[in-house]
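Since the structure comes first, as structure tokens, the remarks are kept for the end.
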Amino acid sequence: VKLALLFFVLVLTWLAFTRLTQKTGFDQLLIEQDRYAATDLALRQKEMTAWFAGKPVYGPEGKKRRTYPPATYVMLYPVIGWLDYEPARKVWAGLCVLMLAWILYLAQKTVLPQSKIEKALWLVLPLSLISMSVSIGSGQTSMIALPALWAALLVLERPLTWRRDILAAVLIAIALIKPQFTLPFFWVYLVKQRAFRAVLAALLIYTYLNITGALYQDVPLGHALTGWIHSGTAYAKGRDYSLLQGWLIETGRQSWILTYALGVFGLLGLWIFYYRRANVWVLAAVSALVARLWVYYREFADILILLPLAALYALAAGHRLRGRARAAAGFIFLLVLLPMIAPHKYFYLKDPANVPFRIFYTLTWLMAALYLWFAAHKEARYEQTN
């Protein structure tokens, strides 16, 4: 078993090195000059330039593609908004290195590996995911949102004090740099961790940032604050949508997309309330799966799978589940990981293996969701009787 695990760690190490340094990853972020090089970073810079110059960003003149609220531009401006494109790529690369180190630290704190080889596994596993290198290479804000929301979960697991509340509030507000990524986790913060002060403070910080950003647009405040929602919904109708959104689009019910998203958000809240006695990482893992599936995303959002992977690994290595239940956690962990470390070409429609790959890939996420539901039920019963 140790030899097999060691071989697996070596394979992931090779994948991590090649993906972070070639084609996707830092090579694409820093060196490449084609239209895919740091594409999201370039878009955010163009949007910020237009936004702070008072030019329209949302709606037809913005090609209905801008899916970020004013607060995101306010948070990004001190980092890359004042720089030219090439210097911004270098600054963003440095930020990504810091975010990667933070993610690896959070993974160790969450999984609590017991041996050196397990520690090595969780040092290379996050780096080997294709979604991680794509997020870096495109300059995605998910590289900031994920560690910030994850760190807030860890901070709020300790006894709450004003100091921890303020720290958690700042982290949650930073995570809202990509709100569609972060919002499902609010149920965990509120229902499981009962962090009411931290969430209220985070919302006050976020509201202030939004209003500050909205002052630069010569449009009604309501439009400046909500235009990103309508713009994002329009973009989702036309291109990158989740599984259920795809069904709504195919059946001509595009106008239901926002209602569907709010419904999924509400159902997640009810589910977490019902299973609030379950382990926080099981609930966070389910929130991550919902965050991945409730609105449109591309493969860079799959870095959210790190939370379900950490929860599944902890369940397989822990003591609350026994026998087949623990073995099933380990098996599903491997199934979910496989498409995440598959060759990048399978994510493109032109590849003949794309359709069966995506079917398998979607099924693994659904299997993880069902298993975590089962685990939440077991965990809740365990907490209730102990």
For the range 192-220 and the range 109-128, what is the separation of their Cα centres, given in Å? 35
Against the 2.2 N^0.38 Å rule of thumb, the C-alpha Rg of the range 304-380 sits at a ratio of 1.22
Per residue and in Å³, how big is the convex hull formed by the alpha-carbon atoms of the range 84-231? 145
Principal axis dimensions, largest first and in whole angstrom, of the range 145-196 by Cα: 28, 19, 15
Label-point gap, in nm, between Thr18 and Asp218 - each point 7 angstrom along Cα→Cβ: 5.4
Sequence order, the range 371-379: Karplus ³J(HN,Hα) from phi using 6.51 cos²θ - 1.76 cosθ + 1.60, θ = phi - 60°, Hz rounded, Gly and Pro as x, gives 5, 5, 4, 4, 5, 4, 4, 5, 4
Averaged across orientations, what area in nm² does the convex hull of the alpha carbons in the range 9-113 project? 8.5
Based on the mean of other beta carbon atoms within 10 Å per residue, what is the order of 93-102, 197-206, 156-165, most packed first? 197-206, 93-102, 156-165
Cα-Cα over 27 Å: which of Lys116/Lys378; Lys23/Lys55; Lys23/Lys90; Lys46/Lys178; Lys23/Lys178? Lys116/Lys378; Lys23/Lys55
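Can you tell me the order of 311-318, 286-293 when each peptide is scored by its average per-residue count of other Cβ atoms within 10 angstrom, highest first? Mind dumping the intermediate values first?
On the way: 311-318: 21.9, 286-293: 24.8.
Peptide ranking by packing, descending: 286-293, 311-318.
The numbers here are math on the coordinates, done by the rules we state, and not lab data. Since we're looking at a predicted model, the values are computed, not measured. Neighbour counts run over all protein chains shown; Cβ positions are idealised from the backbone, glycine included.
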